[in-house]
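Taking it in order: structure first as structure tokens, then the write-up.
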Amino acid sequence: MKYVTLILSFALLSCKSIHPIHQQTIENAITKNALQLLEDKRFHSVSIAVLKDGESTIQHFGELTIGKGNKPNDSTLYELASVTKTFTGYIAAKAVLDKKLNLEDDIRIYLDEPYPNLEYKGEPIRIKHLITHTSGFPNFPIKSENKKAFFEGLKLINIETKPGEVYFYSNTAPELTAYILEKVYQKSFEELVIEFILKPNNMIQTKFTLNENDRTKLVKGYNDKNELMPNFNRTLWGGISGLHSTSTDLVKYMKLQLDPSNLIVSESHKKLYKEGSDFWEGYHWYIIENDHQLMYRHHGGIYGMQNWFVIYPKQNMGISILTNTSFNETGEILEKVVNNLYDDIMKTKK
């Protein structure tokens, strides 16, 4: 109990908010949920960021390297894994608004070869199917060692369901989306992310390509056997994974996603495919809306690292949680932490 009290006291001393009661509430909620998570010895560190009503709170716990006591900080770089797809979705939404793409377009009009296999009984795969996981594409590309091989793999795909009717999570589709975005803008996907998202939002620590200094800040994660895992090696465009970021930059990304005046954000949050009674797919956002809540969220999981990124527009709030651990149940566990953290913050505010 003394240890918890010391942490809480330090959190209160570091408070810089002009709303100290609200800040204390959030800091206490973060500390409580982070310490509960770290009671599970499969987890070694966690970084949590909350943006509420324009005020950010970021806290770090645990150790990045087992036995070294090296706590994460605001400059620690994590791999975002599939949360990268929300960046792909944002640029796709911009392309639609810029009239570079139409959601109803047959994807083959952007490809250099006919690909007669990329249809089902005459029904083509459309852009909207790529960004909602309803294309019928396999989860992972059949070939992914390089971009040329990727297109060879596309020729081997057999579409077995009518596009737009069946949800099946696909890492193949967002990579093809990234390629199509390159083609319509005549710039690399990395350049598009920098130009349309990173620079305008001053996300200077978020990047695909790391320099030597960046690599000293990049997390090396573990599996549930405490074995160090390799970092992801990007061989394709980066539509599915490959971005690295920090908690501080993810707060900036939250501010972008919570901006009601941003037409690209509004487009990217549109419900394009209904999967359940209160569950939709947007532009690579999972949208949950019911009588009590509206949220846009995405999970990211890669070797030795997982994260959840969630936006609550009605509460003007965002939550990011990052950890240097990855095993089968990690995503489910982190999801519960995010839900409990949200409940703790909103309960107290009521």
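Below is a table of values for the structure above.
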read-out	value
Those lysines that a straight Cα-Cα span of less than 16 Å connects to K217, excepting residues fewer than 8 apart in one chain	K68, K71, K207
Accessible area, probe 1.4 Å, largest first, for residues R215, R108	R215, R108
Rough spin-label spacing in nm, given labels placed 7 Å along Cα→Cβ, for D224 and L263	4.8 nm
Most positive-pole-ward Cα, S247, Q257, L228, against dipole of segment 198-267 from beta carbon charges	L228
Cβ-based net charge around G153, under 11 Å, with every Lys or Arg adding one and every Asp or Glu removing one	+1
Per-residue [θ]222 nm for the chain (sum of -39500 (n - 2.57) over DSSP H runs n ≥ 4, rounded to 500)	-10000 deg cm²/dmol
Segments 235-241, 319-325, 143-149 sorted - mean Cβ within 10 Å per residue, highest first	319-325, 235-241, 143-149
Residues of type aspartates and glutamates that K148 reaches as a straight line, Cα spacing below 17 Å, ignoring anything fewer than 8 places off in the same chain	D112, E113, E175, E182
Part-to-part distance (alpha-carbon centres) for segment 249-268 and segment 33-68, which is given in Å	24 Å
Calculated FRET value between N290 and E63, using beta carbons and R₀ = 41 Å, to 0.05	0.60
Distance between modelled label sites at L156 and K183, nm, 7 Å Cα→Cβ extension	2.1 nm
Label-point separation, E332 to K71 (7 Å along Cα→Cβ), nm	3.1 nm
Most mobile listed residue (S45, S261, S56) in the chain, GNM with C-alpha springs under 10 Å	S261
Accessible carbon and sulfur surface of segment 21-348 relative to its total accessible area, %, 1.4 Å	48 percent
Most mobile of P163, P260, P72 in a GNM of the chain (Cα contacts under 10 Å)	P260
GNM flexibility winner over the chain from Y296, Y283, Y110 (Cα, springs under 10 Å)	Y110
Whole-number accessible area per residue in Å² for the chain, which is evaluated in the context of all protein chains at 1.4 Å	45 Å²
Segment 96-102 - phi-based ³J(HN,Hα) in whole Hz, Karplus 6.51/-1.76/1.60, Gly and Pro as x	5, 5, 7, 6, 7, 9, 10
Lysines whose Cα lies under 17 Å from that of K162, excluding same-chain neighbours fewer than 8 positions away	K121, K128, K274
Stretch gain in nm, segment E275-K100, where the contour uses 0.36 nm per residue and the Cα spacing is subtracted	60.3 nm
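The values are calculated or read from the model by the stated rules, or taken from the named source; none is laboratory data. Quantities reported herein were computed from a predicted structural model and do not represent experimental measurements. Don't worry about glycine lacking a Cβ; one is built from the backbone with ideal geometry, like all the others, and counts go over all protein chains shown. The area values use the complete protein model at the heavy-atom level, side chains included, leaving out ligands, DNA and RNA. Shrake-Rupley method; radii C 1.70, N 1.55, O 1.52, S 1.80 Å.
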